[in-house]
Every structure is written in C-alpha cells, then in structure tokens.
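Before any comments, here is the structure.
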Amino acid sequence: MNEKPDFSKNANRASTAPAFLSVWDMHSYYGESYIVQGVSFNVHEGEILALLGRNGAGKTSTLRSIARVGDPEVRHGEIWLDHKPLHNMTSYEAAAVGLGLVPEDRRIIPGLTVEENLQLAQIAPPVGWSLERLYELFPRLGERRKQEGITLSGGEQQMLSIARALARDIKVLLLDEPYEGLAPVIVDEIEKTLVHVKQQGMTTIIVEQNAVRALELADRAIILDTGTIVFDGTANEVLENTSLREEYLAI
C-alpha cells in the first residue's frame, strides 16, 4: 500500500510547492479488468504534467478516473482538488468544482456553431475566460465563430474543444491525446496556446503518445507501466535518460 501523501505539502521531489491536485492510491476497473493499480501523485498549481507510457499502460484510464467520468470505475482511493474531495463526486460535480476534460474524440456538438459550442459551456457571467478572451487565444475560432463546429478541420476542432473547457473557468485542464492526427504546424500552434494558458496560472495534465513533444512542453512527467507508476520526476530527466525512454516509451 502506498503511503498517503500529505495534502498540505508536496510529496514529490520535483517541487516544494503545495499540492493543488492530489491522487492517493487510486484503483480503477473496467468491469473485472484491473487497470489503474494503486496510483499516487501530486500536481502543483500552474504546472504542466505529462502522463506517459506505452499503449495500454493506463494513461487515459488514469485521466478519466480523475475526471470521475464513471468508466473506468474507481473502487478505491482519494482524489483532492484545491482541498475539495473529488472521489465521491459525479463527473458533473467534479466539472463544477474545476476539472475540464478534453477527450481524444473532442465531442464537438453537431448542429451548433463555434460560438454556440462555447456559449453552451460558458458559466454566466464568465469570470476569467470571456468569448473575447477565448477568441484572442484562438484567433481561428474567432474567424469561424458562425461556422458549424463539426465542419472545422481537425486542428480547429481541437482548439474548439480546449476553448470550450476553458470557457467554464476551470482550475485543471485534462488533455487526452491532443496532438492525435494533427500536422506538426498545428501541434506547434496548440503548444504555444498551452504555454500561454500556463502563464495565466492554469494547471494541466497531458496524456500524449508523442512523448517527446509532451516532454518538451511539460514541467514534470509520470510514466505508467501496466497501471502503476514507474517514474515520477522532471520532464528533463526523462529527455536525458535514454534507457528510461527506450524501456517504457520506445523512443
């Protein structure tokens, strides 16, 4: 059994800042399939954490468990966000207190324009991310605000999905494979946006198969293997450790 982190202090050696999001001894299942096997870690406010591993390592399952989406089912463990316990919340309740999940399939709502997709998500009145501010962050969305969201390019749909999460004035942005299927030039654009969002104090967890791009963006990295954490440290440590990358990331 993992030692329970002190939620008032950092349990990770990579930082001495207080933990903002804490996961303790989380166990998650798809039916009887045991996927996330006792995962514990902290994320600090304003930090970008890369959650990495080979296919099937449990990355997306860990992200979805934190977001409380119900699939996979979390059967044991605790999740805390800014001193609030998430582990007994529904996905709606977790979203209401500040979690914003951007799923791999983006889930743009058919029949709605770019602006209507954003307005549907936006709290009233917006505290931090007004439509004007979102359009400054994503100029392409501003240019296409009256266009139906599902007719956008893949990269523009990813921008819309991220903007829609931010529109709820979230505290933690959870990104599942945000670069999947996108041209490198679009990935560059999205990365610049995520850096800007970080500068505004956003805390982010990114799950990404393109491990090098994720590590270049992130402050810290966690590597999963068969549902357990095998590494928790700085992103630079992973970039500089050839054997670690070859064994667990195949790069």
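What follows draws every value from the coordinates through simple rules; no lab data is involved. None of these values were measured; they are calculated from a predicted model. Cβ sites come from the backbone with ideal geometry, for glycine too, and all protein chains shown count toward neighbours.
Taking amide H positions as modeled 1.01 Å from N, with prolines and chain starts lacking one, the residues under 5 Å from ALA19 and 5 or more places away or on another chain are LYS9, ASN10. By the scheme Lys and Arg +1, Asp and Glu -1, what is the net charge of all other residues having a beta-carbon under 10 Å from that of GLY46? Once positives and negatives cancel, what remains is -2. Basic side chains Lys and Arg get +1 at the Cβ, acidic Asp and Glu get -1 at the Cβ, and with that the dipole of region 103-169 about its Cα centre reaches some 20 debye.
Computed on the Cα atoms alone, the convex hull of region 103-169 gives a volume of 72 cubic angstrom per residue. How much net charge surrounds GLU246 when only the other residues with a Cβ under 15 Å from the Cβ of GLU246 are counted, with Lys and Arg +1 and Asp and Glu -1? That sum, taken over residues with Cβ under 15 Å, equals -2.
Each Lys or Arg adds one and each Asp or Glu subtracts one; over the other residues with Cβ under 13 Å from the Cβ of GLU148, this totals 0. Rounded to the nearest 500, the 222 nm mean residue ellipticity of the chain from helices alone is -9000 deg cm²/dmol, with -39,500 (n - 2.57) taken per DSSP H run of at least 4 residues. Taking the centroid of alpha carbons for each part, region 43-103 and region 120-168 are 23 Å apart.
Footprinting exposure proxy ranking of THR62, THR204, fewest other C-beta atoms within 10 angstrom first, gives THR204, THR62.
Evaluated over the chain, the count of Lys pairs having alpha-carbon atoms less than 20 Å apart is 6 (only pairs 8 or more residues apart or interchain). With a ≥ b ≥ c the root eigenvalues of the C-alpha gyration tensor of the chain, is it rounded (a/c under 1.5), prolate (a/b larger than b/c) or oblate? Taking the square roots of the gyration eigenvalues as a ≥ b ≥ c, the chain is prolate. In terms of the mean number of neighbouring beta-carbon atoms within 10 Å, the peptides 145-152, 96-103 order highest first as 96-103, 145-152. Computed from the Cβ-Cβ distance with R0 of 45 Å, the FRET efficiency linking GLU73 to GLU136 stands at 0.65. In this rough spin-label picture, where each label sits 7 Å from Cα along the Cβ direction, the VAL97-ILE150 distance is 3.4 nm.
Distance between the pseudo-spin-label points of LYS192 and GLU143 (7 Å out from Cα toward the beta carbon): 1.2 nm.
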